[in-house]
Every structure is written in C-alpha cells, then in structure tokens.
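Read through the structure below, which is laid out as structure tokens, and then see the notes.
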Amino acid sequence: MKRFFFSLASAITLLPLSNNQIAIAQEKTIVVSSTTSTEQSGLFDYLLPVFEKKSGIQVKVVAVGTGQALDIGRRGDADVVFVHDKPAEEKFLEEGYSTKRYEVMYNDFVLIGPKSDPAKITGGKDIQAAFQKIASSQSAFVSRGDKSGTNAAELRYWKDAGIAVSPSMDWYKEVGSGMGPALNTASAMNGYILSDRATWLTFKNRGDLAILVQGDPKLFNQYGVMLVNPAKYPQVKKVEGQAFIDWLITKDGQGTIASYKIGGEQLFFPNAKK
C-alpha cells in the first residue's frame, strides 16, 4: 500500500503544470520584517503597490517592533529588515547578519498627553525636562515595553533624564504592544505616551490626547533598511531583496515616500545617501 501511494505521488509530480501553477511557481516574493509604524501609518499600503507594479516582486510584510523585526532577520526568516533603531541596526551589522545598512527616511517622535496636562509640559521642546516633570508628578505614562525602536528611544530619554523607570511604579505602565494598541491604552487612561508622528497622525481614537512636546532634535527618528546576509542564510532572496532596497533609495522610491501624506501633512521625509 505504501508503494502504491509513493508511485501515485510520483506520477502526479510528472504531470505537466497548468498555466496557473507555472505562474505560482514563477512568482517572485520577498519577506520584509519591519516596524508597526511603517505598517500602521499606512506607508506600506501606499508604497508597495508602486514597487510591485514596477518590479513584479511581491512584498510580504511582517510588522512587529524593531527588536522583534531584527530577531526575525537573525533567524533568517526574512529577506530584508526595515526598522528604526540605529544602535540596534549597527549591532545587527556587527554580528554579521547583514553587510550594509542604507538610510531611507526619517520623521520624528512626539510626546502625547491629555489636554488637562497634569505634568505641565505643554508647549515644551525639551524631552528630558518633560520626562522629569512626568516622573516628579507621577502622572500616568504608557510605555510600549516591546523592544521596538520607539520603546528603545523612550528608554534612552528616561536614562538621559536621570530617571530609572520600572513597571513596578504605579504610574508607569508597560503594555507590550504595538504603537496603535499602546495609543489606545493611553487614550483610555488619559496618560502620556511617546509616539512616532506618522502613527499618531493616522490614529483615530485620540480621546482627550494631543501632541504636547515636539521639536527637540533628540526626537529625530531615522529609518534604515538592510538585506539579511545571504552568506549566512542561503535561502535569502538576494536579488529580489536588493532590488527592493535599491528602489527605496532611488529618486523614484524616495519621491514615492515623500508623496505619502495624511490630511495634507507629509509623514516621512526621504534622506537616502546619494
């Protein structure tokens, strides 16, 4: 019986492929592990159809925090990583998981909070001073707590402000989730939260929240892209993955990024090195 099934399966494999099967076999796809901000802001929905139409390469995005996105790359489960935590990206390079990092675009972080503003930070442009006031007033603060690029930046700001935060503090709440769900929590709690501007602009459930602090140079938020090292993981689609990266940093790709707007406001600013 086992021999019969083997023979039947062998015979099936010898049948000619239909046109549909050939199309599926020839379909070019890559996996990009990226951040929730590029996905939840709507950038990929805008950007990828343009690339796919020009290249014939389909892009499958896994949107998680930057830390998780890089770990996916470390496992060889993605062809390209597209993230926003430069120190973590440089470590990824040093570990040999990629051989080159390309800067693509930037935007900025903003400090969101309730309009009632119990910490009295509205209109400030010093993120460290704002964090110190939030801590001293013990006002509710929501942290993503997910090792994302935004979470990494937030923790740097607390450290630079001389404050050691901990989930054991009543006013500091780690949610372990992406930007959208974390903003929902902040809205429900009327708490403060650090967000990338792009996700905030597309966020609908704002409640009593508003941008209270912005404009500090420290809030600069750079995005980079890297091909996962095919020498380490032979299954990486080197040609297709590099084609995506090359398009992102061309005039066409950079122009497409710049043209993405919400309510007339540009969300990302291309700055690939020429």
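The values are calculated or read from the model by the stated rules, or taken from the named source; none is laboratory data. It should be emphasised that the depicted structure is a prediction, and the values quoted were computed from it without experimental measurement. Neighbour counts are summed over all protein chains in view; Cβ atoms, including those assigned to glycine, are modelled from backbone coordinates with ideal geometry. Heads up: the accessible areas ignore ligands, DNA and RNA and are worked out on the full protein's heavy atoms, side chains in. Shrake-Rupley method; radii C 1.70, N 1.55, O 1.52, S 1.80 Å.
Would you mind getting the accessible area per residue of region 224-274, heavy atoms of the protein chains only, 1.4 Å probe, in Å²?
Numbers: 2530 Å² over 51 residues.
Per-residue accessible area for region 224-274 comes out at 50 Å².
Under a model in which nothing but the beta-carbon of Lys, Arg (+1) and Asp, Glu (-1) is charged, the chain shows a dipole of about 460 debye around its Cα centre.
Computed from label points 7 Å out along Cα-Cβ, the spacing between Asp126 and Glu94 is 3.2 nm.
Could you work out [θ]222 nm for the chain from helices alone, using -39500 (n - 2.57) per DSSP H run of at least four and dividing by all its residues? Round to the nearest 500 deg cm²/dmol.
Numbers: 12 runs with 115 residues, N = 274.
Computed ellipticity for the chain at 222 nm equals -12000 deg cm²/dmol.
Its Cα centre serving as origin, region 124-183 has a Cβ charge dipole (Lys and Arg +1, Asp and Glu -1) of approximately 100 debye.
Each residue of the chain gets 182 Å³ once the volume of the Cα convex hull is shared out per residue.
Straightening the chain between Thr29 and Ala258 buys 80.0 nm, computed as 0.36 nm per residue apart minus the Cα-Cα spacing. Farthest towards the positive end of the charge dipole of the chain, among the residues Val61, Phe269, Pro118, is the Cα of Val61, using unit charges on the Cβ of Lys, Arg, Asp and Glu. If you plug the beta carbon distance of Tyr106 and Asp77 into 1/(1 + (r/R0)^6) with R0 = 45 Å, you get a FRET efficiency near 0.95.
Comparing Ala210, Ala152, Ala231 in a Gaussian network model of the chain where C-alpha atoms under 10 Å apart are linked, the largest mean-square fluctuation is found at Ala231. For the pair Tyr46 and Ser116 in one chain, pulling the backbone fully straight at 0.36 nm per residue adds 21.7 nm over the alpha carbon distance.
Which percent of the accessible heavy-atom area of the chain goes to carbon and sulfur, probe 1.4 angstrom? All intermediate terms of the calculation are to be shown ahead of the outcome.
Working: 7270 of 13400 Å².
On the chain, the fraction of accessible area on carbon and sulfur atoms equals 54 percent.
In this structure region 61-208 gives 41 Å² per residue of accessible area when probed at 1.4 Å with all protein chains present. Projecting the Cα atoms of Ala188, Trp247, Leu201 onto the charge dipole of region 118-264 (Cβ charges, centred on the Cα centre) puts Trp247 farthest toward the positive pole. Ignoring aspartates and glutamates fewer than eight residues from Lys28 along the same chain, the ones with Cα atoms less than 14 angstrom from its Cα are Glu52, Asp79, Glu240. Using 0.36 nm per residue and subtracting the Cα-Cα separation, the extra length available between Asp170 and Val62 on full extension is 35.6 nm.
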